[in-house]
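Structure record follows, encoded as structure tokens.
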Amino acid sequence: MQIGIVGKPNVGKSTFFGAATMAPVEIANYPFTTIEPNKGVAHVRTPCPCKQLGVTCTPHNSLCVDGIRMVPVELLDVAGLVPDAWEGKGLGNQFLDDLRQADALINVVDVSGSTDIEGVPGEPGSHDPAEDILFLRREIDCWMREIIKNGFSRIARQAKMQGSKPEAILHERLAGLNITEAQIKDALRVVPMPEDPTKWDDDLLLRLCGEIRARGKPMIAAMNKADIAPEGNIDRVREVNDMCVVTMAETELALKRAAAGGLVDYVPGNPSFKIAEGAKVNDGQRKALDYMAANMEKYGGTGIQQCIEDATFKMLDLIAVYPVEDETKFTDHFGRVLPDAFLMPRGSTARDLAYRVHSDLGDKFIRAVNARTKRTVGADYELQDGDVIRIVANK
């Protein structure tokens, strides 16, 4: 699974990415610091079955920390987008193309309003951050529309002659964007298109792309720089975006670096931290730590971990499932206990999990076994969060 980190320049995208992944990135206060996309791994937390099953797990593709499974997700940090990026402004097309495989987007917004629509720094409160939500949606919608329109007239005439379904036509045009035909079909219920595809105009396509984007590239707003946000700015962003999280990326990054240096005890996602026993902290450091502590108390933490987890578990509605080969010992063929945790869309079936593990398992699927209950289940068994499943297939 891949989550794209998007937004205009100078909002703290690379700081957010660095804080979430601790990957080294260039961070500077000028546009297009990020040219090539940065890729890194963050982790989302979910209860590990080891506690309930009374076993000691030996994770392979993830981590387990005191009964909490840390499942990796890939983050992609692309360059800042400016208005009319879909037309190539600011090298926009290149960076929009980097988002093709993203399952979801985190829109990092400078909720302090201290950067204008182009990302030029100013004073807090000088810009309405709600505009950044609307502008980014439009950029992605227009980008998708142009992908559909590229060579579309010939395909539209052919589709009219063959009586092709609209969702099939659009799915072919949007191939490579990790958008399903079912998502397109659902969008068409909101924006029905003329049966004759040669009559699809720009306005209709743009409206439809907005609905497709909402389903195929859902977006959560990271309301960054909240510690310097004027009164009312956070509420304005919440009015235009359904899912938002208050974030302070600089604080998260500083705390992780301080923890690595032995100055503080801090667990990512926790609402607070404490100065490490025996740590030597000077007056300047203590003042900075007091400032961070006060803001974390106000907002319940830095929001970075919550934002990634809300994107994963709430927005994408994913669940964690644990495939095993021995349902009595909960092991794989190497003897590792609960080795892998896979994130699956809610509503996925046992057969879907088999295909996720390996295409041969899906093709040769016979049945599955719920390792918790020891009951045999069929291909259409709907997976539940925390399930431990053995797949039985033909050899």
- Apply the Karplus parameterisation 6.51 cos²θ - 1.76 cosθ + 1.60, with θ equal to phi minus 60°, to every residue of the stretch 230-240 and state each ³J(HN,Hα) to the nearest whole Hz, in sequence, with x for glycine and proline. x, 4, x, 5, 4, 5, 5, 5, 5, 5, 10
- Full extension from Gln285 to Asp265: what is 0.36 nm times the residue separation minus their Cα-Cα distance, to one decimal in nm? 5.7 nm
- Query: So how do Val108, Val240, Val246, Val377 line up by other beta-carbon neighbours within 10 Å, fewest first?
  - Reply: Val240, Val377, Val246, Val108
- Message: Quick check: from the Cα gyration tensor, does the stretch 237-293 come out rounded (a/c under 1.5), prolate or oblate?
- Response: prolate
- Query: Pairs Lys217/Lys298; Lys274/Lys298; Lys329/Lys374: which exceed 19 Å Cα-Cα?
  - Reply: Lys217/Lys298
- Note on the structure: From fewest to most C-beta neighbours within 10 Å, the residues Phe16, Phe273 line up as Phe273, Phe16
- Residue-averaged 222 nm ellipticity for the chain, from DSSP H runs of 4+ at -39500 (n - 2.57), nearest 500: -10500 deg cm²/dmol
- Which of His333, His127, His358 comes first, and how do the rest follow, when ranked by fewest Cβ neighbours within 10 Å? His333, His358, His127
- Considering the options Ile68, Met22, Ser359, tell which one lies farthest towards the positive end of the dipole of the chain, charges being +1 on Lys and Arg and -1 on Asp and Glu at the Cβ, about the Cα centre. Ser359
- Message: Quick check: residue separation of Arg207 and Ser153 times 0.36 nm, minus the Cα distance between them. What number comes out in nm?
- Response: 17.6 nm
- Query: Translational D (Stokes-Einstein, µm²/s) of the chain at 10 °C and 1.306 mPa s when Rh comes from the Kirkwood sum over C-alpha pairs?
  - Reply: 69
- Message: Output wanted: per-residue J couplings in Hz (rounded whole) for the stretch 340-355, from phi through Karplus 6.51 cos²θ - 1.76 cosθ + 1.60, θ = phi - 60°, x for Gly and Pro.
- Response: 10, 10, 10, 8, 10, x, 4, x, 5, 10, 4, 5, 4, 5, 4, 5
- Antiparallel %, DSSP beta bridges [both residues in the chain], to 5: 60
- Note on the structure: Everything considered on the Cα gyration tensor (a ≥ b ≥ c; rounded for a/c under 1.5, else prolate if a/b is larger than b/c, else oblate), the stretch 155-302 must be described as prolate
- Item | Full-stretch length increase - Val41, Glu297 - with 0.36 nm per residue and alpha-carbon distance subtracted | 89.4 nm
- Please label the shape of the stretch 318-393 as rounded, prolate or oblate, based on the square roots a ≥ b ≥ c of the eigenvalues of the alpha-carbon gyration tensor (a/c under 1.5 means rounded; beyond that, a/b larger than b/c means prolate, else oblate). rounded
- Task: Sum up the charges of everything whose Cβ sits under 11 Å from the Cβ of Asn224, counting Lys and Arg as +1 and Asp and Glu as -1, but leave Asn224 out.
- Result: -3
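Read the figures in this text as sums done on the coordinates, not as results from a lab. Worth saying up front: this structure is predicted, and the values here are computed from it rather than measured. Please note: Cβ atoms are built from the backbone with ideal geometry, for glycine as well, and neighbour counts cover all protein chains shown.
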